[in-house]
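Asks: Below is a structure I'd like to ask you about.
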Amino acid sequence: MIVITHQREKCIGCNYCVEEAPFRWVMSHKDGKSTLLGSQNKRGFHTVRVHDNEWDANLKASKSCPVNIIQVKRI
């Protein structure tokens, strides 16, 4: 399993995460920020646990984020 954490409030809407992992990320039409699909918000941190097969794409999304607000780790 892996855990993906996103600090959505700090998102600048660059869309890189959506380009790298479109099955896990979408852009909100309301505010132009990315949304981590399936996540739960706890104090501004949106977190989701997913299977290992999503590791590569979400790691690329994390590394491409210019404001460094996406963390991906194995548990």
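The values are calculated or read from the model by the stated rules, or taken from the named source; none is laboratory data. Computed from a prediction, not measured in an experiment: that's the story for all the values here. Because the Cβ atoms are built from the backbone with ideal geometry, glycine has one as well, and the counts that use them run over all protein chains shown. All accessible areas refer to the heavy atoms of the entire protein, side chains included, with ligands and DNA or RNA removed. Shrake-Rupley method; radii C 1.70, N 1.55, O 1.52, S 1.80 Å.
Asks: Give the residues of region 32-57 that are open to solvent by 80 Å² or more (accessible area, probe 1.4 Å) and within 17 Å of Val67 (Cα to Cα), sorted by residue number.
Replies: Phe45
Table: residues versus (1) free of Cβ contacts under 8 Å to residues at least 24 places away in the same chain; (2) part of a loop (DSSP other than H, G, I, E, B).
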residue: Gly38; (1), (2): yes, yes
residue: Asn41; (1), (2): no, no
residue: Val48; (1), (2): no, no
residue: Trp55; (1), (2): no, no
residue: Asn58; (1), (2): no, no
residue: Ala61; (1), (2): no, no
residue: Pro66; (1), (2): no, yes
residue: Lys73; (1), (2): no, no
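Asks: Take the conditions under 8 Å from the mean Cα position of the chain (by Cα) and buried (at least 17 other Cβ atoms within 10 Å of the Cβ) and apply them to Ile2. Does it pass?
Replies: Numbers: under 8 Å from the mean Cα position of the chain (by Cα): no; buried (at least 17 other Cβ atoms within 10 Å of the Cβ): yes.
Against the criterion (under 8 Å from the mean Cα position of the chain (by Cα) and buried (at least 17 other Cβ atoms within 10 Å of the Cβ)), Ile2 does not qualify.
Asks: Based on what the data block shows, is Gly13 touching a Ser or Thr at 6+ places or on another chain (Cβ under 8 Å) and assigned to a loop (DSSP other than H, G, I, E, B)?
Replies: Values: touching a Ser or Thr at 6+ places or on another chain (Cβ under 8 Å): yes; assigned to a loop (DSSP other than H, G, I, E, B): yes.
The answer is yes for Gly13.
Asks: Could you list, ordered by first residue, the pairs with Cβ atoms under 6 Å in which the first is in region 3-26 and closer than 16 Å to His51 by Cα and the second is part of a strand (DSSP E or B) and of a type outside the set (S, T, N, Q), at least 6 apart or interchain?
Replies: Val3/Arg49; Val3/Lys73; Ile4/Val48; Ile4/Val72; Thr5/Phe45
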